[in-house]
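Peer 1: I'd like to ask some things about the structure below.
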Amino acid sequence: MANQAQPENQQQLPTSLDGIVALITSSTSPVALAEQLREFSKNRDGEQELILASSLPGGQEPLEILDVKNHTVGWAFILSARLAAIASKTIETGVPPLQALSHFCENHDPEQAALVPDRMTLFARSLVEYVELSNEHELPACVPLLLTLLNRSQGGLATLSPIHALFARLCVRTRNFDVSLPVLRTPITAFSPTHIPSQSQSQSTASSSSLAGAMVSQPSSERSTAKSHSQKGAGSELLLNYTDHLVYHYAGGLTFAVLNHWAEAEEFFEIVVTAPIQSVPSAIQLEAMKKLALVQLILYGKTKELPKYTSSALPRLFRNSPYAALVNAFPLQRRELRATLDKERSVFEQDKNLGLVNLVLTFAPRWCLQKLTATYSTLSLKEIVEHVGLTDGTAGTAIEQARELASSMIANGEIAAELDAEGFVHFADVDPAHVISKEKVERLLRGAQSHASMLADLDREVLRSKEFLGKALKNRDDGWGASEDDMMFGGMAEMKGRGHGMDWAEENLFE
Amino acid sequence: MIAPVDDAHPFDLDSYISAYTGRTAVYRLCHILQLAPSISQQTFARALERIRAGRDTQFYAAAVQVYNQHADSENQVAVDAAWAESMNAQNAVERNKLEVELKTYQSNMIKESIRMAHRDLGNFYRSVGDESSSLKHYTKSREFCTASQHVLDMCISVLELLIEQRNYSHVATYVFKADAALDVASATGGTAAAGTGAPSAALLHKDASAQKKPATSAEREKVQTKLELATALSYLGQTLYEKAASAFVNMGPPKGLGDWNGKIVTPGDIAIYGVLCSLATKTRSAIKSSIMESSTFGVYIEHEPYVRDLVDAYMASKFKTVLDILEQYSTRHYLDIHLFSHVHDLTNLIRDRALALYFKPFASIKLESMALAFGLSMEEIERLVIGLIKSGEINARIDSRNKIITAKQIDQRVALFARATEAGNQIEATNRKLLLRMRLQQADLIVKAPKSQNNGGPSGNMELMVINMAD
């Protein structure tokens, strides 16, 4: 491949769209083409993007000449440049029809697309911006397009890319919460490149001239980045960076919260809060921290301790916010909760958390009642009214509300109790949710085993990795490596042995 | 707050106050004056006697004011201005004399005399009631101490002052200093004794350590109990009841108190402090070994026989008697300057422990019979029990309809499985999150400090926040 690329690299770069289309159609190697086009778009100030966005001399549509599957790289460059130019209002004509866009999403070649991740991001982002600009009501139409992009991307859903963040955000904005669930539920195991894959470096000897050209062009490209925002498109800004990761998980957390999947929402917000940081936490992290606290109040009735690796600055910032007052008063001091809400309404509203805060407040009685089960074995509805602090209101008399509260909590399995005709609630001694069955234990064990094997695989992967071997070999020189390895294998054997022991214990217990 | 003095709450002022001397008696009388208006006339008379014997005119005015607050209009008293004036004049003369002395010594640079002048001034200011000046001179005298015995004296004086002021948090510092001085004193004392016949330094050192023991005990005996008392009082003052309990019951014999007996506290006070703190914090077996079987602490208890009744009732699980005794002597406790602010907490603690102890052997019990055993009303006992269940002291639940407390039946197997499941899930979740975090770090997706022109973080956020969660 490298050899094929060489002659083309030495060609003069085209100066018009004509030449570019010719270059695209004549190219046999997508890798080299991606390199050349990137080179092209780097070379001059902003003009080349306009060239890419223009149409052919006869007013002909360049995309019609190119085949989307074979010339995915070309499509990506031209289409993204066009959309970006329209979105930033640099040009006004030549809007590609929506069919062309979906045609590209559905039929592009994922392998080629993986060569130009920055262009794919630019495409996706400009698409959203353009639709928003022209007709905001059509935004939902972008959702399936982005989903297709994600589904067809080379790394699949498990590879986090900037498009993930765009997509999750778009779903929240258009309230298409259900659509994003399959994406959000796929655990992230890899990341799209964080810097431009430079083939030129791997074949540096072969294409020394192009490398030299790139180096010469470096200062000008820097200047252009500073000059115009749209020019940043050529830079690393379009590749995956930490903001994408934060935004994706934050939006994911929001989605789960709206759909009342509190446990998953908690996990996503926690991921944002505990994201590795260099020194100063991001504003998104603080917002996530607030939402995390609210979600935990709903989920557990209290906040949980954050993992040790959380930045210490976040809890400190959080403690000074009105949310901390809310956490402290939850769930027993209803009056204080109300007072905090009334006093800090503007803050909650400004943070766009008012809905969630209100929801937290409606959950307060549930956690009150939940707490009462620890103290009482039998309670009358009247006493529940007193303890929980219910008042007659629009939702019926206090007693009715208490009955409604108790029966809904029993139905949801939140408390193990019975409600008798005289208006007494009997709390069971043992929560049936905790009663164990053979099936349940088996299911748990299977889960644990698959988890363990996943970890073992990972362990082996690490053992095989270049980095680890390098370090291990270095240690071996000092005479330590061998014994460590032995110990490790010994440890693994022991783990396996224990696994068998568990199988055996289980049989004994349940048969 | 007001402490009643009547048949149900007996309090004999004369026999109480006669045990005290010096300024603490005046402080105590003034405290009683504030809290027990029913005996204020008598108290005021006693206070006046003692104040007149001293030289503190400010305190005199304060006592008169407190008395007048509670007294009827016809019983109001006026400040004896003539006495106050003459006393003020006397004080001024005395102060001038002492200060001139100090100045002379300072110009003569005689260390020992300067120290003594500072000490005298400290004593003087203390008797006049100017505590901060007093403390200043006492601490100043430390610079001119030549022997560790002098440091020790200084520490003891400061401790007296601090305890009088009820400034408990600083006590520990001076106890520590006194302890250090004591070590030095006994060490040098030992060497001096051994130094006569020992030629080599090594041998001398050996001899010193060999003879250190008796020398130490002689030196220590005089102040050790005082220091222990100061420490115990500071714990009590800082509401560290458990530490205070241990400190009080492990104190040395009463004769070690020396002049502090009466000047600071009486042995009876120590018995009360020790027993109340112990009952509130210690286990039964600890109370048995440290109070009932301790001969040293037994001597203290002899001074307040009702305290022994209290312990006996507690150990015999006659909790109603315990509460009755506590109630009966509450006035005595409230009128004590050191115990005053803790009586309420200590009583609650003792009652809570008693409730928990009482319930322990039962699987279920009617609230009614529990109320009977403690001599409390149903509402009160229910409130207390609920509090204890919530704090985890009593492991039970209340049947609110039948008013029965039932011990929680914990199915250990279910509990174990629930815990194991929980732990497993948690580990899995933690691993998942950690792995993601590890990968993030490997991919260098780390939150960077915002550059001045690029605030991508917050701006991305603003867009997100457009969405409200209004459902």
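The values are calculated or read from the model by the stated rules, or taken from the named source; none is laboratory data. Not measured: the values here are computed from a predicted model. Neighbour counts are summed over all protein chains in view; Cβ atoms, including those assigned to glycine, are modelled from backbone coordinates with ideal geometry. To get the accessible areas, we keep the full protein, side chains included, count just its heavy atoms, and leave off ligands, DNA and RNA. Shrake-Rupley method; radii C 1.70, N 1.55, O 1.52, S 1.80 Å.
Peer 1: Hey, can you grab everything whose amide H is under 5 Å from the amide H of A:Y376? Only 5+ residues off in sequence or another chain; H modelled, so Pro and N-termini drop out.
Peer 2: The answer is B:I398.
Peer 1: Provide B:T139, A:T121, A:T391 ordered by accessible surface of protein heavy atoms (probe 1.4 Å), highest first.
Peer 2: Ranking B:T139, A:T121, A:T391 by accessible area, largest first, yields A:T391, B:T139, A:T121.
Peer 1: What do you reckon, how do A:M289, B:M1 stack up by accessible area (1.4 Å probe), largest on top?
Peer 2: Largest accessible area first, the residues go B:M1, A:M289.
Peer 1: Note down the nm distance, to one decimal, between modelled labels 7 Å out along Cα→Cβ at B:K408 and at B:Q442.
Peer 2: Reported label-point gap for B:K408 and B:Q442 is 4.3 nm.
Peer 1: Still on this structure, I have one more. Taking the Cβ-Cβ separation of B:E99 and B:D312 as r and a Förster radius of 56 Å, what is the calculated FRET efficiency to the nearest 0.05? Walk me through the intermediate numbers first.
Peer 2: Working: r = 57 Å, r/R0 = 1.01.
Efficiency for this residue pair is about 0.50.
Peer 1: Still on this structure, I have one more. Between A:K343 and A:K308, what is the FRET efficiency for a Förster distance of 30 Å, r being their Cβ-Cβ separation, to the nearest 0.05?
Peer 2: That pair, A:K343 with A:K308, gives E of 0.35.
Peer 1: Taking each residue of A:421-432 in turn, how many C-beta atoms of other protein chains fall within 10 Å of its C-beta, and what is the average?
Peer 2: For this peptide, the per-residue mean of nearby foreign Cβ atoms is 2.
Peer 1: Then there is this: Expressed as a whole percent, how much of the Cα-Cα distance distribution for chain B exceeds 41 Å? Let's see the in-between values first.
Peer 2: Numbers: 48532 of 110685 pairs.
Cα-Cα pairs in chain B separated by more than 41 Å: 44 percent.
Peer 1: Per-residue HN-Hα couplings for the stretch B:11-25, Karplus 6.51 cos²θ - 1.76 cosθ + 1.60 at θ = phi - 60°, whole Hz, x for Gly and Pro?
Peer 2: The phi angles translate into 7, 9, 4, 4, 5, 5, 6, 5, 6, 9, 10, x, 5, 4, 4 Hz.
Peer 1: Please give the per residue accessible area of chain B, computed with a probe of 1.4 Å over protein heavy atoms only, in Å². Write down the numbers at each step before the final one.
Peer 2: Numbers: 22650 Å² over 471 residues.
Using a 1.4 Å probe on heavy atoms only, each residue of chain B averages 48 Å².
Peer 1: Spin-label point model (7 Å from Cα, Cβ direction): what's the B:Q90 to A:H434 distance in nm?
Peer 2: Simple spin-label model gives 7.5 nm for this pair.
Peer 1: Moving to a separate point now. Cα to Cα, under 21 Å, and not fewer than 8 places away if on the same chain: which lysines meet these conditions relative to B:K97?
Peer 2: Straight-distance partners of B:K97: B:K111, B:K136, B:K140.
Peer 1: Taking a threshold of 19 Å on the Cα-Cα distance, which of the pairs B:K263/B:K288; A:K69/A:K89; A:K304/A:K440; B:K366/B:K408; B:K318/B:K390 fall above it?
Peer 2: B:K263/B:K288; A:K69/A:K89; A:K304/A:K440; B:K318/B:K390
Peer 1: Note down the accessible area of A:R319, probe 1.4 Å, to the nearest 10 Å².
Peer 2: The value for A:R319 is about 150 Å².
Peer 1: Give me the inter-chain shielding for A:371-382: mean count of other chain Cβ atoms within 10 Å, whole number please. Could the numbers behind the result be given before it?
Peer 2: Working: counts 1, 5, 1, 5, 11, 7, 12, 9, 4, 2, 0, 1.
That average works out to 5.
Peer 1: A further question follows. What's the average, rounded to a whole number, of partner chain beta-carbon atoms within 10 Å of each residue's beta-carbon in A:270-277?
Peer 2: What the average comes to for A:270-277 is 4.
Peer 1: Within 14 Å, Cβ to Cβ, of A:R338, how many net charges do the neighbouring residues add up to if Lys/Arg are +1 and Asp/Glu are -1?
Peer 2: Residues close to A:R338 contribute a combined charge of +1.
Peer 1: Give the long-range amide H neighbours of A:I277: residues separated by 5 or more places, or on another chain, with amide H under 5 Å away, using H modelled in the peptide plane at 1.01 Å from N.
Peer 2: Here B:V447 satisfy the definition.
Peer 1: FRET efficiency for A:T186 and B:L372, Cβ-Cβ distance as r, R0 = 51 Å, nearest 0.05?
Peer 2: 0.20
Peer 1: Another question, then. Go through the stretch B:12-86 and name the chymotrypsin sites (Phe, Trp or Tyr not before Pro) that are in a DSSP coil and have 10 or fewer other Cβ atoms within 10 Å of their Cβ.
Peer 2: Nothing satisfies the criteria.
Peer 1: Further question on the same structure: Give me a comma-separated list of calculated 3J(HN,Hα) values for the stretch A:253-267, in order, Karplus coefficients 6.51, -1.76, 1.60 applied at θ = phi - 60°, integers in Hz, x for any Gly or Pro.
Peer 2: Whole-Hz 3J(HN,Hα) from phi for the stretch A:253-267: x, 4, 4, 4, 5, 4, 7, 6, 8, 5, 5, 5, 4, 4, 4.
Peer 1: Same structure, new question: From the backbone phi of the stretch A:178-192, what are the Karplus-calculated ³J(HN,Hα) couplings (6.51 cos²θ - 1.76 cosθ + 1.60, θ = phi - 60°) in whole Hz, Gly and Pro given as x?
Peer 2: My calculation for the stretch A:178-192 gives 4, 4, 7, 3, x, 5, 5, 7, 7, x, 6, 10, 8, 10, 5 Hz in order.
Peer 1: List the residues of the stretch A:349-363 that lose 20 Å² or more of accessible area once all protein chains are present, compared with their chain alone (1.4 Å probe, heavy atoms only, no ligands or nucleic acids).
Peer 2: Hits at the 20 Å² cut-off: A:K352, A:G355, A:L356, A:L359.
Peer 1: Determine how large the accessible area of B:E327 is when every protein chain is in place; take a 1.4 Å probe and give Å² rounded to the nearest 10.
Peer 2: Accessible area of B:E327: about 100 Å².
Peer 1: Here is a further query. How much accessible area does A:L115 have with a 1.4 Å probe, in Å² rounded to the nearest 10?
Peer 2: About 40 Å², rounded to the nearest 10.
Peer 1: Give me the percent of the accessible area of chain B that comes from carbon and sulfur atoms, probe 1.4 Å, all protein chains in place.
Peer 2: Here carbon and sulfur together make up 54 percent of the probe-accessible area.
Peer 1: Here's another thing I want to ask about it. With all protein chains present and a 1.4 Å probe, how do A:E287, B:E368 order by accessible area, largest first?
Peer 2: Correct descending sequence by accessible area is B:E368, A:E287.
Peer 1: OK, next. With no solvent and one equal point scatterer placed on each C-alpha of the stretch A:373-431, evaluate the Debye formula and give log10 I(q)/I(0) for q = 0.19, 0.25, 0.31 Å⁻¹, two decimals.
Peer 2: The Debye formula, applied to the Cα set alone, gives -0.63, -1.05, -1.40.
Peer 1: Next up: Modelling each spin label as a point 7 Å along the Cα-to-Cβ direction, I'd like the A:H103/B:L416 distance in nm, to one decimal.
Peer 2: A separation of 6.9 nm, rounded to one decimal place.
Peer 1: Evaluate the relative contact order of chain B (contact order divided by residue number), counting alpha-carbon pairs under 8 angstrom at least 6 apart; express in whole percent.
Peer 2: 11 percent
Peer 1: Could you order peptides A:181-187, B:29-35 by the average number of other Cβ atoms within 10 Å of their residues, highest first?
Peer 2: The most tightly packed comes first, giving B:29-35, A:181-187.
Peer 1: Given H placed on each backbone N at 1.01 Å, which residues far from B:I394 in sequence or on other chains put an amide H within less than 5 Å of it?
Peer 2: Excluding prolines and chain starts, which carry no amide H, the hits are B:I389.
Peer 1: Continuing with this model, one more query. Provide the buried accessible surface between chains A and B in square angstrom, both chains summed, 1.4 Å probe, rounded to the nearest 100. List each step's numbers first, then the result.
Peer 2: Details: alone 27780 and 25610 Å², together 47670 Å².
That pair of chains buries around 5700 Å² in total.
Peer 1: May I pose another question? At 1.4 Å probe size, with the rest of the protein present, what percent of the exposed accessible area of the stretch A:373-431 is carbon and sulfur atoms?
Peer 2: Carbon and sulfur together cover 50 percent of it.
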